[in-house]
1. Carbon-plus-sulfur fraction of the accessible area of the chain, 1.4 Å probe, in percent?
2. Need one value: the accessible area of residue 52 in square angstrom, 1.4 angstrom probe, rounded to the nearest 10.
3. For region 1-111, count all C-alpha to C-alpha pairs, find those more than 23 Å apart, and express that count as a whole percent of the total.
4. Do you know the Lys pair count in the chain for C-alpha distances under 13 Å, with sequence separation 8 or more or different chains?
5. Which of 83, 114, 61 sits farthest toward the positive end of the charge dipole of the chain, with +1 on the Cβ of Lys and Arg and -1 on the Cβ of Asp and Glu?
6. Could you identify which residue out of 63, 85, 125 has the top mean-square fluctuation in a GNM of the chain using Cα springs shorter than 10 Å?
7. How far is helix 121-134 tilted, in degrees, relative to the longest principal axis of the Cα atoms in the chain, given as a value from 0 to 90 rounded to the nearest 10?
8. Using a 7 Å offset from the Cα along the Cα-to-Cβ direction at both residue 144 and residue 29, what is the distance between the two label points in nm, to one decimal?
Amino acid sequence: GNEERKNIEFQCVADHLHPLRDVLMEPITRPGQYTHPGVVREVLSFFKGLTSVEGPRKTQIFQAIDICSVIGLLFDSSDVLVQEQAAGFLRNLTHGDNNRKQVIFQSLPGPLLPLLHSPSPRVVQSVAGLLQNLCTRSEARRAEVFKQLSLTDVVQLLKHDDPHVIAPAAGLLMNLCRTDHRRKLAILRAVPLNLLHGFYIEGHPPRACRE
């Protein structure tokens, strides 16, 4: 949306971020007793929209929220609509500042691979994008993500019906190819040549996320 409008909206809530943070913490601190999932979903969607662009707004929101609560919502499959918004919010937060990437990466309770099998294309798209973002600016993160992933599963995403899933999956593989020759060879062996050829013929070569 319009950035000027987002700035005006943010100025209205900047002094009230903690109550919004508490809404996202309730599902973790008070399971079964928390606010209606629709409210949680709307707060996540609001934050996702406000963090689509790098800048002070994103930094202030990241500092105000409890990141473990947001990650907990991503791993809670009881409401896929909440999962979709949590995944998109985290994808936005992992784009840009490297310290923010590292804090989120270290806060993950386990591998993200199972979420790439979500029935929701939006969850799959955002989680692939989140992983793509985590695989920039840190060889240690790239190596750990590579160790946790199944190349077969990621390559399968390149055949997904939704092009919005294909793009971050391709970017993830391209980012994993960086710096380590053995990792690059493993990926090249896993991706069928005809699939790569198809990308270029259709004018959509896989692009890495460059920051």
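The values are calculated or read from the model by the stated rules, or taken from the named source; none is laboratory data. Not measured: the values here are computed from a predicted model. Quick reminder, even Gly has a Cβ in these numbers, built from the backbone with ideal geometry, and neighbours come from all protein chains shown. Heads up: the accessible areas ignore ligands, DNA and RNA and are worked out on the full protein's heavy atoms, side chains in. Shrake-Rupley method; radii C 1.70, N 1.55, O 1.52, S 1.80 Å.
1. 54 percent
2. The accessible area comes out at roughly 60 Å².
3. Of all Cα-Cα pairs in region 1-111, 23 percent lie more than 23 Å apart.
4. Close lysine pairs under the 13 Å cut-off: 4.
5. Final value for the positive-end residue is 114.
6. Its mean-square fluctuation being the largest, the pick is 63.
7. 80 degrees
8. Roughly 2.7 nm, to one decimal.
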